[in-house]
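The next block holds one structure in the form of structure tokens; read it before the comments.
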Amino acid sequence: MSAAPSRRAVLGLLGAGLAMPALGQGAWPNRPIRIVVPSVTGGFDNYARLTTPRLTELLGQPVVIENKPGANGNIGMQEVQRAAPDGHTILFAAIGSLSINVSVYRGMPLDPIDDLAAVACPVTSPMVWVANPQSGPKTLAELVERARAAPGKLDYALPSAGTINHLIAEGFKLRHNLDIPAVPYRGTPPAQLDVVAGRVPVMVDSLGAGWGHISAGRVRPLALTSRERSPRAPEIPTAIELGLDQTDYVAWYAYMAPKATPPGIIARLNAALNQVALEDGYRDRLREMGAGTQAMTPEAQLDFMKAERTKWGDIARAANIEVV
């Protein structure tokens with residue numbers, strides 16, 4: 001994952017960004033700001049909900065979250081795409097919607113990079129291989145050994161096709177020439193519960209979503225897919241340090257705006273969101289949830305999204321992953 005600008009460098013831009021006058025007629029913002037989240041309530045929208053009190057203080061208008069799930073995130077993204085480009089409607093979406101879907105879904109109605117404007121990318125979450133404590137492997141190396149010893153006998157729980165979980169697992173299989181069938185589910189909770197129950201031995205989960213089961217000992221963490229260990233769980237090794245991978249695979253969550261949103265408004269939104277991301281209260285709360293924070297300029301975010309699209313697209317094509 002590309003390095004974000006340093007904390008000191010970003011802090012140097014925040015005051016100027018927040019002080020910039022709004023462009024267009026009248027002051028901005030002049031009414032509540034709506035953050036559209038293209039997923040159900042109770043998921044990654046919590047990362048955005050935690051920002052709303054401080055954003056309201058910084059921007060001087062109420063900031064509200066509106067969940068718009070459906071069509072793998074496309075309904076919410078299209079709503080923002082069609083919204084007035086005045087800075088009062090923005091998107092908060094995950095890596096899947098913003099950089100993976102274009103490579104795995106047929107007939108995507110929009111291209112997030114071409115049809116939306118980058119605003120900020122403040123949240124990251126490492127992914128983690130987990131196993132049932134009784135029936136699953138005890139280490140990631142043992143997972144490889146067991147899969148090679150009995151091809152097709154060790155399977156993994158798949159929360160949803162075409163997700164980051166799916167691409168990480170299939171990419172790992174390709175790199176190690178493994179036959180590990182996927183057992184599909186309708187979402188993360190049922191997949192987690194079957195791993196806990198031992199009906200399926202392993203899965204790839206996000207550290208944040210799986211932390212409750214990990215901390216309670218209901219599943220055994222095998223390895224993180226990030227480059228560095230997580231401050232939330234420093235005892236969990238990374239696949240890279242174990243010599244079983246060479247690239248980091250991390251989930252991330254970003255804000256986008258309608259394409260024609262004025263640069264001055266984008267700059268103020270970016271400054272406010274980065275300021276919240278760098279504040280100790282928000283950073284500590286996300287760390288408790290197994291996630292991390294970073295700060296990027298909109299230009300750096302756009303470059304990062306393009307690189308991520310290439311990385312995940314290469315895996316999708318190599319593994320012949322397509323969702324119809």
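Please treat every number below as a calculation from the coordinates, not as lab data. From a predicted model like this one, the values you see are computed outputs, not experimental measurements. Don't worry about glycine lacking a Cβ; one is built from the backbone with ideal geometry, like all the others, and counts go over all protein chains shown.
Give Lys68/Lys259; Lys68/Lys306; Lys259/Lys306; Lys153/Lys173 a once-over and call out the pairs whose C-alpha atoms are over 22 Å from each other. Provide the component values of the computation, followed by the final result.
Working: Lys68/Lys259 19 Å; Lys68/Lys306 25 Å; Lys259/Lys306 16 Å; Lys153/Lys173 14 Å.
Table pairs above 22 Å Cα-Cα are Lys68/Lys306.
Label points 7 Å out from Cα along the Cβ direction at Ala260 and Ala233: separation in nm?
4.6 nm
Kindly give Rg over Rh for the chain, based on alpha-carbon atoms, with the Kirkwood expression for the hydrodynamic radius. Intermediate results must be reported in sequence, preceding the final value.
Working: Rg = 19.9 Å, Rh = 20.3 Å.
Rg/Rh for the chain comes to 0.98.
With equal scatterers on the alpha carbons only and no solvent term, can you work out the Debye log10 of I(q)/I(0) for the range 126-224 at 0.21, 0.22, 0.24 1/Å?
At q = 0.21, 0.22, 0.24 Å⁻¹ the computed log10 ratios are -1.02, -1.14, -1.39.
Using +1 on the beta carbon of Lys and Arg, -1 on that of Asp and Glu, and nothing else charged, what's the dipole of the chain about the Cα centre, debye to 20?
On the way: 31 positive and 29 negative charges, 54 e Å.
Computed charge dipole of the chain: roughly 260 debye.
What number comes out for the charge environment of Thr238, summing +1 per Lys or Arg and -1 per Asp or Glu over other residues with Cβ under 11 Å away?
Charge balance near Thr238 sits at -2.
Give me the net charge of His213's neighbourhood, meaning all other residues with Cβ under 12 Å from the Cβ of His213; Lys, Arg count +1, Asp, Glu -1. Walk me through the intermediate numbers first.
Values: positive: Arg218, Arg220; negative: Asp194, Asp205.
Residues close to His213 contribute a combined charge of 0.
I'd like the antiparallel share, as a percent to the nearest 5, of DSSP beta bridges with both residues in the chain. Before the final figure, lay out each step's value.
Values: 24 of 39 bridges.
DSSP beta bridges in the chain are roughly 60 percent antiparallel.
If you plug each phi of the range 207-217 into the Karplus form 6.51 cos²θ - 1.76 cosθ + 1.60 with θ = phi - 60°, what whole-Hz ³J(HN,Hα) values come out, in order, with x for Gly and Pro?
The phi angles translate into 4, x, 5, x, 4, x, 6, 5, 5, 8, x Hz.
Please list the non-local residues whose amide H lies under 5 Å from the amide H of Thr89, H modeled 1.01 Å from N, same-chain partners needing a gap of 5 or more.
Distant-sequence amide H within range of Thr89: Arg34.
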